[in-house]
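So the structure is just underneath, and the comments pick up after that.
Each reported figure results from applying straightforward, stated rules to the coordinates on display, with no laboratory input. Quantities reported herein were computed from a predicted structural model and do not represent experimental measurements. Note that each Cβ is placed from the backbone with ideal geometry, even for glycine, and that neighbours are counted across all protein chains shown.
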Amino acid sequence: MTGETRVGVVGAGIIGLAVARQLQRTRPDVEVTVFDKEPSVGSHQTGHNSGVAHAGLYYPRDSLKARLCRRGIGLLKEYCADRGIPYVECGKTVVAVTEEEVPRLRDIEERARHNGVPGLRRLSPEEIREHEPHIHGVAGLHSPSTAIVDFVAVTRAYADDVVAAGGTLLLGTRSPRSPATATWSASWPVNAGHLRPPGRLRRPAVGPRGPAGGRRRGPAIVPFRGEYLTMRPDRAHLVNGLVYPVPDPRYPFLGVHFTRRVDGTVDIGPNAVLSTAREGYRRSDLVVRDLAETLAWPGFRRLARQHWRMGVTEMRGSLSRRAFVAGARRYLPELTAADVDGRHAGVRAQALDRDGTLVDDFRISRLGPVTAVRNAPSPAATSSLAIAEHLCEGLL
Ligand SMILES: Cc1cc2nc3c(=O)[nH]c(=O)nc-3n(C[C@H](O)[C@H](O)[C@H](O)COP(=O)(O)OP(=O)(O)OC[C@H]3O[C@@H](n4cnc5c(N)ncnc54)[C@H](O)[C@@H]3O)c2cc1C
């Protein structure tokens, strides 16, 4: 990039603003404008997540997730300390509830050690209860540096940095349909990962053309709603920190967990059900075009054929509070449906390849003049400052 370069960033979520901020730090001569169609920052994934700063336990060796999560959590912790944003190292306990889950728990431990996660400790059933007196399991793994944070507060602070450094934040402003050719022009538009990508990035089949026949390969962005139940305040003492299951390796989601929030509430979730609207936070939300795009994507039909059983189980939990609670009771036997009273949800922008594979790693691609964050699932909020460093290295 040279001289009068202007960069447009589409999306004032945690990734878009981290990228805008990093661009200003590394290239003060570049003029940065961030657009968001919503009136406030962090309105979608960033404002509807679990609020966990992940220490980097699960991610495969040499993946971007492994590298950027480890670097990201360190940068995030420092940033929160600098800006006075509450960041609480309440620790995480991953719990195996059956003997069959123990080898998978050991695999996670091995990966975590390889990724450099500090302070890990194997737990016996009695030791699990030292951390979490009400939680039952046959084996556990404790990560003391896993933390909780308010990602919207972090995102607001990034926005303040961008504006203070002379950048422009245009809220309530939808990006031009094609950021590269609109009247407002940016030399190097950056499209931060979202549920409803603009212009040509929106189409599910956007991607490099296949060598023969010109068929587009994807990935498509498929919206998966993650629903949470909130524990009644007088029952929140049943969980001290973060309690996670041993995840099913076939899915990129971590499974329903207990999450203490910085405001002291405890949530149970999120599950993973297909969302019938890309930005639909209630079960009843339906946008016919969004649903039609998902159903038309061959990768979705393949995924549905392979994993319909799992889909039915998740849907059952979504429709019935009792079924949802029954899943969580495996870890917390004294939990009852009367212990939860609130309900809320987030929607994940999950990339799905044409062959039905859920894309696990972060994916950042150049599509002509646009740099697009195509897959930024959890732990992307934790990793935001490191993703920004990585993306800007490639951009400049
Ligand atoms: C249920 C759930 C739980 C999660 N838990 C965690 C966790 O505990 N820890 C963690 O690290 N990560 C977690 N994540 C992941 C994390 O929230 C996301 O990775 C992160 O928020 C992605 O940020 P983003 O900026 O890419 O996307 P978003 O926050 O979705 O921002 C995209 C923005 O783009 C805007 N936009 C879209 N189209 C246009 C347009 N045409 N013009 C202008 N603006 C537009 C949207 O309005 C939106 O504000 C979770 C995610 C979910 C959904």
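Could you list Y158, Y87, Y281, Y331 so that the one with the fewest beta carbons within 10 Å of its beta carbon is first and the one with the most is last?
On the way: Y158 28, Y87 21, Y281 15, Y331 24.
Ranked by crowding around the Cβ, least crowded first: Y281, Y87, Y331, Y158.
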Quiz prompt | Distance between the range 266-312 and the range 336-392 - C-alpha centres, whole angstrom | solution = 15
Exercise. With runs of 4+ DSSP H residues as the only contributors, calculate the mean residue ellipticity of the chain at 222 nm using -39,500 (n - 2.57) per run, divided by the residue total and rounded to the nearest 500.
Key: -9500 deg cm²/dmol
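Rounded to the nearest 0.05, what FRET efficiency do M315 and R104 give with R0 = 30 Å and r taken as the Cβ-Cβ distance? Could you check?
Working from the Cβ atoms, E equals 0.75.
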Quiz prompt | Those aspartates and glutamates that a straight Cα-Cα span of less than 17 Å connects to K65, excepting residues fewer than 8 apart in one chain | solution = D107, E109, E110, D360, D361, E389, E393
Quiz item: Across the Cα atoms of the range 92-144, what radius of gyration and what greatest pairwise Cα-Cα distance (Dmax) are found, in Å?
Solution: 10.5, 30
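Over all distinct alpha-carbon pairs, what is the Kirkwood Rh of the range 225-353 in angstrom? Spell out each step's value before the answer.
Details: mean 1/r = 0.0641 Å⁻¹.
When all Cα pairs of the range 225-353 are included, the Kirkwood radius is 15.6 Å.
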Quiz item: What number, in percent, do you get for the relative contact order of the chain if the mean sequence gap of Cα pairs under 8 Å and at least 6 apart is divided by its residue count?
Solution: 24
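Quick one: of the DSSP bridges fully inside the chain, what percent are antiparallel, nearest 5?
Of those bridges, close to 70 percent are antiparallel.
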Exercise. Please determine, in degrees from 0 to 90 and to the nearest 10, the orientation of helix 64-83 with respect to the longest principal axis defined by the Cα atoms of the chain, where the helix direction is its Cα long axis.
Key: 90
Self-check item: Cα-based helix-to-principal-axis angle, 14-26 vs the chain, degrees rounded to 10
Solution: 50
Quiz item: Cβ under 15 Å from D82's Cβ, D82 left aside: what net charge do those residues give with Lys, Arg +1 and Asp, Glu -1?
Solution: +2
Quiz item: Near K37, which aspartates and glutamates are there with a Cα under 14 Å away, not counting those fewer than 8 places off in the same chain?
Solution: E279
Exercise. Show which lysines lie in cross-link reach of K77 when reach means a straight Cα distance below 17 angstrom and same-chain residues fewer than eight apart are skipped.
Key: K92
Practice problem: In nm, give the distance between the simple-model label positions of H114 and R322, each being 7 Å from the Cα along the Cα-to-Cβ direction. | Solution: 4.4
Exercise. Count the net charge of all other residues whose Cβ sits under 15 Å from the Cβ of H136, scoring Lys and Arg as +1 and Asp and Glu as -1.
Key: -4
Quiz item: Most mobile of G280, G51, G368 per a Gaussian network model of the chain (Cα springs, under 10 Å)?
Solution: G368
Quiz item: H307 label point, 7 Å along Cα→Cβ, cut-off 15 Å on backbone N: hits in the range 237-280?
Solution: 247-256, 270-275
Quiz item: How high is the relative contact order of the range 56-169, in percent, counting Cα pairs under 8 Å that sit 6 or more residues apart?
Solution: 32
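Could you tell me the calculated FRET efficiency between D62 and R289, based on Cβ-Cβ distance and R0 = 30 angstrom, to the nearest 0.05? All intermediate terms of the calculation are to be shown ahead of the outcome.
Working: r = 38 Å, r/R0 = 1.27.
That gives a FRET efficiency of 0.20.
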Practice problem: Could you grab the relative contact order for the range 220-358? Cα pairs under 8 Å, six or more apart, rounded to a whole percent. | Solution: 38
Quiz item: What angle, in degrees between 0 and 90 and rounded to the nearest 10, separates the Cα long axis of helix 102-115 from the longest principal axis of the Cα atoms of the chain?
Solution: 40
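Would you mind ranking L358, L291 so that the residue whose beta carbon has the fewest other beta carbons within 10 Å leads the list?
Working: L358 21, L291 17.
Result, fewest neighbours first: L291, L358.
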Quiz item: Can you give the net charge of the other residues whose Cβ lies under 14 Å from the Cβ of A380, counting K and R as +1 and D and E as -1?
Solution: +4
Exercise. Provide Rg and Dmax in Å for the chain, with only Cα atoms included in the calculation.
Key: 20.8, 64
Exercise. Can you put W308, W297 in order of Cβ neighbours within 10 angstrom, beginning with the fewest?
Key: W308, W297
